[in-house]
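**Student:** The structure follows.
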Amino acid sequence: MKKRSLIAALGAALLGLPGLAGAQPAWPQRPVTMIIPFAAGGPTDVLARALTEPMTRELGQPVVAENVTGAGGTIGAARVAAARPDGYTLLLGNIGLATSVALYRRLPYDPAGFETIGLITPVPMTLIARPGLPAQTLPELLAWARQRGSEVNLAHAGIGSASHLCATLLRSITRIPMTTVVFRGTAPVMTEMMAGRIDLTCDQTTNAMPYIQDGRVKAYAVTTAERLAALPDVATMAEGGLPDLQVTIWHGLYAPHGTPAAVVERIARALQATLRDETVGRRLADLGSAPEPQERVTPAAHRAMLDAEIARWRPILQAAGEFAD
Ligand code: MLT
């Protein structure tokens, strides 16, 4: 056996991977923690909780979700970056992994340094408002906000979050100097919005959908080129006069830098199987989303997406000029 194959075989045997001889401690041998870097009850949390049960079945060990919130998801990401690279601590991150690098000058980790495992689901965003806001359409809303300027409050889940990205685009495209209000996730934003204390936010449609459908918040526009089948009455940003405000956010699963490739592959296979699960597919469809195609649920496709998104958003965010530190 050549030296490289011998090393790979020994590594795989230690991880208990199939097809290679030897008594091995199988991986995983204990529960796997999936860090959710935003508040419980919000879109990342809802997604994580749709994944943990099928992932548990696939891996044969409990996959346990834990919310570690704050600073637009960067506190949870920092926790994972500093964890032992043994596959037992994972991060469910969204587009913020790609945007935060342009927004934080002193980030305690390199977002591009994580081991990418696979993309999970793309999610459109919807501009929503408190139920009593008088405007009925996006043009009316923009006119209302223009009159009030900084009296209008626009919430997001912290600099570097998906809702922050959408809010930044909204402020820079409309040039309306709305006041931003920061939360630890969009779940607490919804509570404040329903109570009438927050005017606007840009939320992931997967989270906003049930609130829109039963009238607890008002929806003005979706950030996709076409209307969404799940929200047929909600106009697109382009229909409302903001054609440049298009963004679909995405989620991926990450491991700390240096996690063995065989472990990353094992988790990727479990994630692929999870996203083929009909119950997971139905759950995502109910929320107006869908699993990523299987060829994107791979470390390489995820890596390519992360790198491309870092390059795409950096100049746009730097031009917007709103830094976290
Ligand atoms: C959340 O889970 O609260 C969101 O993903 C926050 C965000 O990125 O806007």
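All of the numbers you see were taken from the coordinates with simple rules; none came from a lab. Here the structure is a predicted model, which is why all the values come from computation and not from measurement. Every residue, glycine among them, receives a Cβ derived from its backbone with ideal geometry; neighbour counts consider all protein chains shown.
**Student:** For MET305, MET55, which order do you get if you count the other beta carbons within 10 Å of each Cβ and list the fewest first?
**Tutor:** Arranged by neighbour count, lowest to highest, MET305, MET55 become MET305, MET55.
**Student:** Within 10 Å of each residue's Cβ, count the other Cβ atoms and sort SER100, SER161 from fewest upward.
**Tutor:** Least crowded to most crowded, the residues run SER100, SER161.
**Student:** Give me the mean projected area, in nm² to one decimal, of the convex hull enclosing the Cα positions of region 235-325.
**Tutor:** Result: a mean projected hull area of 8.7 nm².
**Student:** Give, rounded to the nearest 20 debye, the magnitude of the charge dipole that region 128-205 has about its Cα centre when Lys and Arg contribute +1 at Cβ and Asp and Glu contribute -1 at Cβ.
**Tutor:** 140
**Student:** Rounded to whole Å and sorted largest first, list the principal axis extents of the Cα atoms in region 241-288.
**Tutor:** Taking the Cα atoms of region 241-288, the three principal extents are 49, 29, 10 Å.
**Student:** Can you pull the Rg over Rh of region 49-205, Cα-only, Kirkwood?
**Tutor:** On the Cα set of region 49-205, Rg over Rh gives 1.03.
**Student:** What FRET efficiency, computed as 1/(1 + (r/R0)^6) with R0 = 30 Å and r the Cβ-Cβ distance, is obtained for THR179 and ALA285, rounded to the nearest 0.05?
**Tutor:** 0.25
**Student:** Under Stokes-Einstein, with the Kirkwood radius over Cα pairs standing in for Rh, what whole-number D in µm²/s applies to the chain at 4 °C and 1.567 mPa s?
**Tutor:** Result for D is 64 µm²/s.
**Student:** Got a sec? Charge dipole of the chain, +1 on Cβ for Lys and Arg, -1 for Asp and Glu; which of LEU170, PHE114, ALA290 is way out at the positive end?
**Tutor:** Among LEU170, PHE114, ALA290, the one farthest towards the positive end of the dipole of the chain is PHE114.
**Student:** If you don't mind, another one. What angle do you read, to the nearest 10 degrees and between 0 and 90, between the alpha-carbon axis of helix 162-174 and the longest principal axis of the chain?
**Tutor:** With both axes taken from Cα atoms, the answer is about 40 degrees.
**Student:** Starting from 0.36 nm per residue, how many nanometres of slack lie between ALA319 and GLU265 once their C-alpha separation is accounted for?
**Tutor:** So the extension gain works out to 15.7 nm.
**Student:** Then there is this: Rounded to the nearest 5, what is the percent of antiparallel bridges among the DSSP beta bridges in the chain?
**Tutor:** Roughly 55 percent of the beta bridges in the chain run antiparallel, per DSSP.
**Student:** Normalised by the number of residues in region 224-325, what is the relative contact order in percent for Cα pairs under 8 Å and 6+ residues apart?
**Tutor:** 20
**Student:** OK, next. Using helices alone, I'd like the mean residue ellipticity at 222 nm for the chain: each DSSP H run of four-plus residues gives -39500 (n - 2.57), total over residue count, nearest 500.
**Tutor:** About -13000 deg cm²/dmol.
**Student:** To continue, here is another question. Size of region 82-153 along its principal axes in angstrom, Cα-based, largest extent first?
**Tutor:** Principal axes ranked by extent give 53, 28, 17 Å for the Cα atoms.
**Student:** Continuing with the same structure: At a Förster radius of 41 Å, what calculated FRET efficiency corresponds to the Cβ-Cβ distance of ASP233 and ARG84, to the nearest 0.05?
**Tutor:** Calculated transfer efficiency: 0.25.
**Student:** Obtain the nm distance between the two label points defined at ARG276 and ARG216 by a simple spin-label model: each point lies 7 Å from its Cα along the Cα-to-C-beta direction.
**Tutor:** 3.6
**Student:** How far is the Cα center of region 25-42 from the Cα center of region 131-204, in Å?
**Tutor:** 32
**Student:** About the Cα centre of the chain, how large is the charge dipole given +1 on each Lys and Arg Cβ and -1 on each Asp and Glu Cβ? Please answer in debye to the nearest 20.
**Tutor:** Here the chain has a charge dipole of around 700 debye.
**Student:** Let me ask something additional. For the residues PHE323, PHE183, PHE38, PHE114, what sequence is obtained by ranking on other C-beta atoms within 10 Å, fewest first?
**Tutor:** Ranked by crowding around the Cβ, least crowded first: PHE323, PHE183, PHE114, PHE38.
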